[in-house]
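Please read the structure below before turning to the comments.
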Amino acid sequence: MKESQPSAIYLKDYKVPPFLIDKTELTFELDEATTVVTSKLHMRRNPDSTENTAPLVLDGGEDVKLVAVAMDDYVLPSGEYQLVDNQLIITATADNFVLTCETLIEPQNNTRLEGLYRSSSMFCTQCEAEGFRHITYYLDRPDVMSVFTTRIIADATKYPVMLSNGNEISRELQEDGKTSVVWHDPFPKPAYLFALVSGNLEVKNDTFVTQSQREVKLQIFTEAHNIDKVDYAMEALKRSMRWDEDVYGREYDLDIFMIVAVDDFNMGAMENKGLNIFNSSCLLASPETTTDDTYLRVEAIVAHEYFHNWSGNRVTCRDWFQLSLKEGFTVFRDQSFSADMHSDTVKRVEDVSFLKTAQFAEDAGPMAHPVRPASFIEISNFYTLTVYEKGAEIVRMIHTLLGAENFRKGSDLYFERHDGQAVTCDDFVAAMQDASGVDLTQFKRWYSQAGTPQIRVTDEYDAQSQTYQLTLQQETPATPGQPTKLPLHIPVRLGLIDESGNALSVSSSGHVSDEHLLELTEAEQVFEFTQVATKPVPSLLRGFSAPVKLSYDYSSADLLLLLSSDQDGFNRWNAGQQLAVNELNTLIEQAVAGETLSLTSNLVEGFKSLLQDASLDPAMVALILNLPSQAYLSELAQVIHPNAIKQARQYLKKQIAESLQADFAQAYQQHQVTGQYQAEAKDIASRSLKNLALSYWLESGDDAAKQVVVAQFESADNMTDQFAALSIAVHHGHDKADDLLDAFYQQWQNEPLVVNKWLMLSASREQEDAIAKVTALMEHEAFDLKNPNKVRSLLGGFGQNIAAFHQVDGSGYQFLADQILVLDKRNPQIASRLCTPLTRWKKMAPELSVKMKAELERIMANELSKDVYEVISKSLA
Ligand code: ARG
Ligand code: ZN
């Protein structure tokens, strides 16, 4: 145990920085053993600060070694500065001065992957949130914005490519044979947006002409063997640049935009000014090695990081509590972009399904926090689904309440008011409110209140007066530190449909339409509709207009009606999902009670008509037929019985498969895609339905399907189909599963991103000795504990392996806890993310809950990073 435990910092304690840094000049002498970093910081006291005698306090890291520090030209003797808790403190300062620091760092020993580190053969950086302090002493906070000039000195035979932010302004050969390259970024930025890359890299070049006819040079860099996999990302980048001009009026600002792919990266990607750095898993794509899902992910992340150039870089966050200012808004932007590129209904279903599964679970767990957290111990722990996905839902609700036109006025005003500034979520909302005239005062509670609101809906129809009343009650459950909640301002989109599925045009507050937007602002509110010709079935919360849990007592017949006829495609999916959830919950109860499982609804008939309805988008059919996931059912459960959930899902899948065997066999044939592989909505839709049909077909026990799986595996010309066949074989007990897994590894052993998929699938395979198998995989040549993608694949796959992970003797939990402790010494961010499954212990069935808790307590007894300490201590609180 540490003598003192890490402590929290609070939003309410925010103060403007006592010093500012107008210019930052950096020199990196890159070297395999020791890299020398020299910084010249042009500093002055902040006129807006009241602390005008405060000492200068610069952030550093335990891995930064201070060699010398000078103020203007005066080298400070050791008595004139202090090093305390990784901070450099200088008490006596002038009002204006240049601070020069020389520091030594060892990128090759940097296993946290924050700051400057080595990944394969190159040097690269990750500075968000607080990585820059692992490079040199600095005011490492986002409200200190500075103009950076960066000199990189390296051996150009080993590291010919030397990149940083902005424009390259000089490149020269030095007398010592090294090359010195200088980059200058004219846009002031916080240190978290700094980047440096150097290595022996290949480049793909392109250009983009902006709306004002400026030509921007586009470059994507990778190691030589990957350069043939960047074409898709390049096209996605150009689409993003055009879309941001068309939809938001935002033009790119520098003359060059660069992206670099690196293999070792803690997260997905990073929006460093003019020099985005990507996890190669989020950038590289080729038909043979990349699945449809990953294609879409690459496109979305390229767009996301590009969009940050305005929502994040030109306008940034004042402090890290405001993280959702840039992340929520940028996720909303990338979601809208993907919807425009493909199908908006499919995109919405996928996003909502993810939100309801993972963000709702976070909101109900010990790490629940508001979209704008009030405190944290380690900011890296707050790059969460709440800040990102729920944050995007908040922006979407503003869009819904204002309408597209006013929303655009609001975003224009936001960028105009705050260009070049570091601002808050309140500033964002104020711009939206001022531009539209819509009062968002109460709405702002969404930023400060954690937890998923629950809305209960009841209704009453009066045939005589043709009036229909809906009563909505809202309540948000208590979350850690927030025992009581206030009513939120919730937009509820809805329509009413009659018994044959037609939209009813009805009047609400004098407005006649077949769709209405209710604004729920009170704990309980009644909404009245007139001119309602027949008793309606309400289609509520269309398009998932708010991130809430809505309940209404639908009969199966109502849900079948919505499933087949709702005008809102999203709600058709939702009705199908609800039918399946109801059926599964009954089966889960039967399984928990040890009863024989049997179906109680007409779900199968509903699914049959979906399969036969040629007017439907195959992607939507696949989404509806894909049974609610184990994770989603766990989120919904009061008490989680993992094996009962698994049993119920398997049983239902088998029943559907057997009843509709012929339909699935036919759907498989019908939705074959011919012609060259394209990652485009229509083909993706067909492949998703075809492969879903194949999994049911195999589950039905038809021998013909067994052969089809093997044939598809062997003859597929794209990874989507090959990997689908493999996964189906592995998860449906195909007798050739072992052979196929081996063949797959043999075929792809030199493609690390494909090998990661193999690791994940192998680790998730349910078999008797699964823990031993996973332990063996950790020793496999394909595994590497240093690489976050491999750790995520293997341990992520293991987490989905219900029987193994939830062993009643606790050995699955113990295995994960062991890995967390090992990884925490190397890479706290990765270790902390691995804790998530264990944080759900309070909801687990009692016999599992005690075992999980015991592992949390065992972890807690060690000396931990701030990252893991925060998650574990809050989970046990
Ligand atoms: N800003 C990046 C993005 O969302 C993510 C950076 C995450 N960094 C971290 N240390 N958690 O695009
Ligand atoms: Zn982002």
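Key figures
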{"read-out": "Those residues of segment 641-664 which are polar (S, T, N, Q) and farther than 15 Å from PHE607 by Cβ, in sequence order", "value": "ASN643, GLN647, GLN650"}
{"read-out": "Filter result (away from ligand 1 (no atom under 16 Å from the Cβ), of a type in the set (Val, Ile, Thr) and either buried (at least 24 other Cβ atoms within 10 Å of the Cβ) or not in a helix (DSSP H, G or I) (or both)) within segment 322-348", "value": "VAL346"}
{"read-out": "Residue in segment 349-357 that is assigned to a helix (DSSP H, G or I), within 19 Å of LEU550 (Cα to Cα), away from ligand 2 (no atom under 16 Å from the Cβ) and of a type in the set (Lys, Arg) present", "value": "yes"}
{"read-out": "Meets criteria (modelled with pLDDT of 95 or more, part of a strand (DSSP E or B) and touching a Gly at 6+ places or on another chain (Cβ under 8 Å)) for LEU83", "value": "yes"}
{"read-out": "Residue within segment 412-432 that is assigned by TED's automatic domain parsing to the domain that holds PHE544, out of contact with any helix residue (DSSP H, G or I) (no Cβ under 9 Å at 6 or more places or on another chain) and not basic (Lys, Arg) present", "value": "yes"}
{"read-out": "Residue tally, condition assigned to a loop (DSSP other than H, G, I, E, B) and either under 15 Å from LEU541 (Cα atoms) or among the hydroxyl-bearing types (Ser, Thr, Tyr) (or both), over segment 489-521", "value": "7"}
{"read-out": "Out of THR150, THR157, sole residue that is at negative phi, surrounded by 20 or more Cβ atoms within 10 Å (Cβ to Cβ) and more than 15 Å from ligand 1 (Cβ to nearest atom)", "value": "THR150"}
{"read-out": "Set ASN86, ASN165: member being over 22 Å from ARG833 (Cβ atoms), within 16 Å of ligand 1 (Cβ to nearest atom) and in the same structural domain as THR27 (by TED's automatic domain parsing)", "value": "ASN165"}
{"read-out": "Any hit, segment 571-589, residues being in a helix (DSSP H, G or I), over 30 Å from GLN474 (Cβ atoms) and among the hydrophobic types (A, V, I, L, M, F, W, C)", "value": "yes"}
{"read-out": "Of all residues in segment 8-66 being modelled with pLDDT under 95 and among the acidic types (Asp, Glu), the one that is farthest from the chain's Cα centre (by Cα)", "value": "GLU51"}
{"read-out": "Segment 700-713, subset part of a helix (DSSP H, G or I), of a type outside the set (A, V, I, L, M) and touching a residue at least 24 places away in the same chain (Cβ under 8 Å), residue surrounded by the fewest Cβ atoms within 10 Å (Cβ to Cβ)", "value": "LYS706"}
{"read-out": "Residue, farthest from the chain's Cα centre (by Cα), within segment 719-751, restricted to residues that are among the acidic types (Asp, Glu) and surrounded by fewer than 16 Cβ atoms within 10 Å (Cβ to Cβ)", "value": "ASP735"}
{"read-out": "Given (1) of a type in the set (S, T, N, Q); (2) within 17 Å of the chain's Cα centre (by Cα); (3) within 16 Å of ligand 2 (Cβ to nearest atom), index of the condition ASN309 fails", "value": "(2)"}
{"read-out": "Top-ranked residue of segment 322-348 - restricted to ones that are away from ligand 2 (no atom under 16 Å from the Cβ) and in contact (Cβ under 8 Å) with a residue 60 or more places away in the chain, ranked as nearest to the chain's Cα centre (by Cα)", "value": "ARG348"}
{"read-out": "Residue, farthest from SER448 (Cα to Cα), within segment 372-396, restricted to residues that are of a type in the set (A, V, I, L, M, F, W, C) and more than 15 Å from ligand 1 (Cβ to nearest atom)", "value": "ILE394"}
{"read-out": "Extreme residue, farthest from ALA679 (Cα to Cα), among residues of segment 209-221 that are touching a helix residue (DSSP H, G or I) at 6+ places or on another chain (Cβ under 7 Å) and not in a loop (DSSP other than H, G, I, E, B)", "value": "LEU218"}
{"read-out": "Those residues of segment 382-408 which are more than 16 Å from ligand 2 (Cβ to nearest atom), assigned to a helix (DSSP H, G or I) and not basic (Lys, Arg), in sequence order", "value": "MET397, ILE398, HIS399, THR400, LEU401, LEU402, ALA404, GLU405, ASN406, PHE407"}
{"read-out": "Qualifying residue in segment 267-280 (condition: within 16 Å of ligand 2 (Cβ to nearest atom) and among the aromatic types (Phe, Trp, Tyr))", "value": "yes"}
{"read-out": "Any hit, segment 612-626, residues being modelled with pLDDT of 95 or more, of a type in the set (Gly, Ala, Ser) and surrounded by fewer than 18 Cβ atoms within 10 Å (Cβ to Cβ)", "value": "no"}
{"read-out": "The lone exception for ILE256 - which of (1) of a type outside the set (Ser, Thr, Tyr); (2) under 18 Å from the mean Cα position of the chain (by Cα); (3) more than 12 Å from ligand 1 (Cβ to nearest atom) it fails", "value": "(2)"}
{"read-out": "Residue ID - farthest from ligand 1 (Cβ to nearest atom), chosen from residues in segment 295-321 that are without any contact (Cβ under 8 Å) to a residue 40 or more places away in the chain and surrounded by fewer than 24 Cβ atoms within 10 Å (Cβ to Cβ)", "value": "ARG297"}
{"read-out": "Residue within segment 265-286 that is in contact with a Ser or Thr (Cβ under 8 Å, 6 or more places away or on another chain), part of a helix (DSSP H, G or I) and over 24 Å from GLU405 (Cβ atoms) present", "value": "yes"}
{"read-out": "Lone qualifier among VAL457, VAL506 - being under 25 Å from GLY576 (Cα atoms) and surrounded by 15 or more Cβ atoms within 10 Å (Cβ to Cβ)", "value": "VAL457"}
{"read-out": "Residue list for segment 825-845, restricted to those being free of Cβ contacts under 8 Å to residues at least 40 places away in the same chain and farther than 17 Å from SER793 by Cβ", "value": "LYS825, LEU838, TRP841"}
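Conditions (1) at pLDDT below 95; (2) part of a helix (DSSP H, G or I); (3) crowded, with 20+ Cβ neighbours inside 10 Å; (4) not assigned by TED's automatic domain parsing to the domain that holds ASN109, marked per residue:
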site: ALA803; (1), (2), (3), (4): yes, yes, no, yes
site: GLN814; (1), (2), (3), (4): no, yes, no, yes
site: VAL822; (1), (2), (3), (4): no, yes, no, yes
site: LYS825; (1), (2), (3), (4): no, yes, no, yes
site: LEU838; (1), (2), (3), (4): no, yes, yes, yes
site: VAL850; (1), (2), (3), (4): no, yes, no, yes
site: LEU864; (1), (2), (3), (4): no, no, yes, yes
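Table: residues versus (1) surrounded by fewer than 18 Cβ atoms within 10 Å (Cβ to Cβ); (2) farther than 14 Å from ASN571 by Cα.
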position	(1), (2)
GLY495	no, no
GLU499	yes, yes
ASN502	yes, yes
HIS516	no, yes
PHE527	no, yes
LEU541	no, no
ALA546	no, no
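Table: residues versus (1) touching a strand residue (DSSP E or B) at 6+ places or on another chain (Cβ under 8 Å); (2) outside any strand (DSSP E or B); (3) aromatic (Phe, Trp, Tyr); (4) closer than 30 Å to ARG840 by Cα.
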residue: GLY420; (1), (2), (3), (4): yes, yes, no, no
residue: PHE428; (1), (2), (3), (4): no, yes, yes, no
residue: ALA431; (1), (2), (3), (4): no, yes, no, no
residue: ARG445; (1), (2), (3), (4): no, yes, no, yes
residue: THR452; (1), (2), (3), (4): yes, yes, no, yes
residue: VAL457; (1), (2), (3), (4): yes, no, no, yes
residue: THR484; (1), (2), (3), (4): no, yes, no, yes
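The values are calculated or read from the model by the stated rules, or taken from the named source; none is laboratory data. Since the model is a prediction, treat every value here as computed from it, not as a measurement. Note: ideal-geometry Cβ built from the backbone for every residue, glycine included; neighbour counts use all protein chains shown.
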